Amino acid sequence: MAKLHRATVGERIGVLFLDIIESAYHAYYASVQEKLPIIVTTLKKTETLKLLVTVAWEGKLIQTGHFSQLTDALQEISKMLSGWKRGIEAKRKPE
């Protein structure tokens with residue numbers, strides 16, 4: 001991959017990592033009514049990050065070992081965010 005593509009993909013990956021951290025932080029401190037949309041957005045950003053990490057690996061921009069570690073970590077983040085989302089949705093449903 002050309003140097004420009006490496007910089008662009010790498011920069012976007014870095015920005016998404018920071019966005020996910022920031023969004024999770026905001027969701028943690030948001031009111032109950034505001035949490036769900038923030039968590040959904042954070043999940044979408046996580047899925048986008050998974051895609052970009054895969055593109056970077058396929059383009060040989062990152063090594064297989066790093067790819068494996070990143071995908072495992074991102075999968076765990078997705079599971080935690082999904083569980084958080086389900087918990088909020090369960091609380092919102094009338095009994």
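No lab work stands behind these numbers, since they all come straight from the coordinates. Small disclaimer: the values here were computed from a predicted structure and weren't measured. Methodologically, a virtual Cβ is constructed for each residue, glycine included, from the backbone with ideal geometry; neighbour enumeration extends over all protein chains shown.
The charge dipole of the range 3-92, taken about its Cα centre with unit charges on the Cβ of Lys, Arg, Asp and Glu (plus for the first two, minus for the last two), comes to roughly 140 debye.
Between HIS66 and PHE17, the modelled label-to-label distance comes to 0.9 nm, taking each label 7 Å out from Cα in the direction of the beta carbon. GNM on the chain, alpha-carbon springs under 10 angstrom: the most fluctuating residue among SER78, SER23, SER68 is SER68. Dividing the summed -39500 (n - 2.57) terms of all DSSP H runs of n ≥ 4 by the residue count of the chain sets its mean residue ellipticity at 222 nm at -31500 deg cm²/dmol. Straight-line cross-link reach from LYS60 at under 26 Å between alpha-carbon atoms covers these lysines, not counting any fewer than eight positions away in the same chain: LYS3, LYS44, LYS45, LYS50. Short-range pairs are left out: with C-alpha atoms under 8 Å and at least six residues apart, the relative contact order of the range 21-95 is 32 percent.
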